[in-house]
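Asker: One structure coming up, written as structure tokens, with questions to follow.
We did not get these values from a lab; they are worked out from the coordinates using the rules stated. Quantities reported herein were computed from a predicted structural model and do not represent experimental measurements. Note that each Cβ is placed from the backbone with ideal geometry, even for glycine, and that neighbours are counted across all protein chains shown.
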Amino acid sequence: MANKNYKLLFIGNHLHHNDEIKTANLSMSEALAARLEEKGWSISLTSDEINPVLRLMDMVWVTITKRKEYVLAVVDLFSGRAFLWAEVCTLVLRILNKPYVIAMRGGNLPEFSIQYPKRVNQMLDNAPSIISPSKYLQLEMKKFSNKIEIIPNPIELPKYKFESRKEPVARLVWLRAFHEIYNPTLAPKIIKNLSVDFPDIELTMVGPDKGDGSFEKTIEAANRLGVKDRIAFPGLVSKNEVPYWLNKDDIFINTTNVDNTPVSVIEAMACGLCVVSTNVGGIPYLLEDGVDALLVPPDDPQAMAEAVKRILSDPELAAKLSMNAREKSESFSWEKVLPMWEALFYEIIGESRG
């Protein structure tokens, strides 16, 4: 085996490591860093600063001051304000002549690239290596680079107990952050549409409040529609608790307006839930309508309610969706994904694994 005594620098929002933040879930980069550390790699992370300005300053400071320690940097790339952080840090890395990998994380990057094509083109054109978690993002960003490789977002598969939903009941679960891009206010409307045919219907909406008013709007919609007593809001749960909350219910609804390859959907598939999702962004590259999920247009409560009704009325369909979902989720296990990252790092570092 090749010597793994190399240090990698991960640059991104690593707020889970800040004890002052109670609503920060483990990011995909943090999870990857932890897995690599278990395999013998040496890891540095930046940054867990809450203040955005201080976060950028910390990223740049660590990138410069630890330049003799790390052999390779992994830079998370999101749209919006976070794009600037990646721009600055990759510029510093190029000045320092340090190799780096861009890990595209944001499902809104295609829309962002339409607004800022020159910035995106410069970012990707200068990057030595670019990783996308999905075929969707690879194809959407192909006009800026033809060197984008796919390494999917993984899950810890053994933690997700599979249960076939061959006889599902009207218990639904939603698992995202309360933010407008995930359209949580659609969920109470779906429950309202289903409540006549399924008077015992229940929904659990799991996730943190991101503070943009979406949580309050969801509560208001539930009250206005008279379904508040049918919806539970447990808030943020730890990663270890996710399988428990998913397996309490039978149907997973994904109401988002913008998406890439959501880990929450893959987690639901691993548990065998029947998935009903909006057909947006990278979703149709992840899910096959009628095979492992049912896909509907965005922001259409009637269409999503009808899809849920189909599952509840057709045990054969439910069993098929459940089994196929689990089978697809198995391709996202860490056992399959982590070696892909290691192979990439060895290739860049220039060392053979043998």
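Asker: Using a Gaussian network for the chain with springs between C-alpha atoms less than 10 Å apart, which of these wobbles most: LYS135, LYS143, LYS217?
Answerer: Among LYS135, LYS143, LYS217, the largest mean-square fluctuation in the Gaussian network model of the chain belongs to LYS143.
Asker: Within the set LYS39/LYS143; LYS248/LYS328; LYS161/LYS309; LYS39/LYS161; LYS142/LYS210, which residue pairs have Cα atoms separated by over 27 Å?
Answerer: Over 27 Å apart, Cα to Cα: LYS39/LYS143; LYS142/LYS210.
Asker: If the elastic network links every pair of Cα atoms under 10 Å, which of ASP259, ASP314, ASP299 fluctuates the most in the Gaussian network model of the chain?
Answerer: Of ASP259, ASP314, ASP299, the most mobile in the Gaussian network model is ASP314.
Asker: Amide H neighbours of VAL206 under 5 Å, counting only residues 5+ apart in sequence or on other chains, H built in-plane at 1.01 Å?
Answerer: Amide H to amide H, under 5 Å and 5 or more residues apart or across chains, VAL206 pairs with TRP174, LEU175, ARG176.
Asker: Could the peptides 181-194, 229-242 be put in order, highest first, of the mean number of other beta-carbon atoms found within 10 Å of their residues?
Answerer: Those peptides, ordered most packed to least, come out 181-194, 229-242.
Asker: Which of ASN254, GLY226, ALA319 sits farthest toward the positive end of the charge dipole of the stretch 157-332, with +1 on the Cβ of Lys and Arg and -1 on the Cβ of Asp and Glu?
Answerer: Of the options given, the answer is GLY226.
Asker: Residue separation times 0.36 nm, minus the C-alpha to C-alpha distance between LYS217 and SER42: what's the value?
Answerer: 58.6 nm
Asker: Going Cα to Cα from LYS66, which lysines come in below 20 Å? Please leave out same-chain ones fewer than 8 positions away.
Answerer: The qualifying lysines are LYS4, LYS7, LYS98.
Asker: Still on this structure, I have one more. Pick from TYR244, TYR136, TYR160 the residue whose mean-square fluctuation is largest in a GNM of the chain, springs joining Cα atoms under 10 Å.
Answerer: TYR244
Asker: Compute the FRET efficiency between ASN126 and GLU149 as 1/(1 + (r/R0)^6), taking r as their Cβ-Cβ distance and R0 = 22 Å, and round to the nearest 0.05.
Answerer: 0.85
Asker: Return the long-range amide H neighbours of ALA293 (sequence gap of 5 or more, or a different chain), with a cut-off of under 5 Å between placed amide H atoms.
Answerer: GLU288
Asker: Turning to a different aspect of this structure: For the chain, build the charge dipole from Cβ charges (+1 Lys, Arg; -1 Asp, Glu) around the Cα centre, then report which of VAL242, ALA34, MET59 sits farthest towards its positive end.
Answerer: Value computed over the given set: MET59.
Asker: Using θ = phi - 60° and the Karplus curve 6.51 cos²θ - 1.76 cosθ + 1.60, what whole-Hz ³J(HN,Hα) does each residue of the stretch 139-145 get, with Gly and Pro shown as x?
Answerer: Per residue, the Karplus-derived 3J(HN,Hα) values read 5, 5, 9, 4, 5, 9, 6 Hz.
Asker: In nm², what is the average projected area of the convex hull enclosing the Cα atoms of the chain?
Answerer: 17.5 nm²
Asker: For a quick check: with amide H placed at 1.01 Å from N, whose amide H comes under 5 Å from GLY281's, ignoring anything fewer than 5 positions away on the same chain?
Answerer: Counting only residues 5 or more places away or on other chains, the set is ASP259.
Asker: Quick check on the stretch 266-318: take the gyration tensor over C-alpha atoms, sort the square-rooted eigenvalues as a ≥ b ≥ c, and tell me if it's rounded (a/c under 1.5), prolate or oblate.
Answerer: Oblate is the answer for the stretch 266-318, as a/c is 1.5 or above yet b/c matches or exceeds a/b.
Asker: With the cut-off at 1.5 for a/c, could you classify the stretch 157-332 from its C-alpha gyration tensor as rounded, prolate or oblate?
Answerer: rounded
Asker: Given the DSSP H assignment, sum -39500 (n - 2.57) over each helix run of at least 4 residues in the chain and divide by its residue total; what's the result at 222 nm in deg cm²/dmol, nearest 500?
Answerer: Counting only the DSSP helices, I get -12000 deg cm²/dmol.
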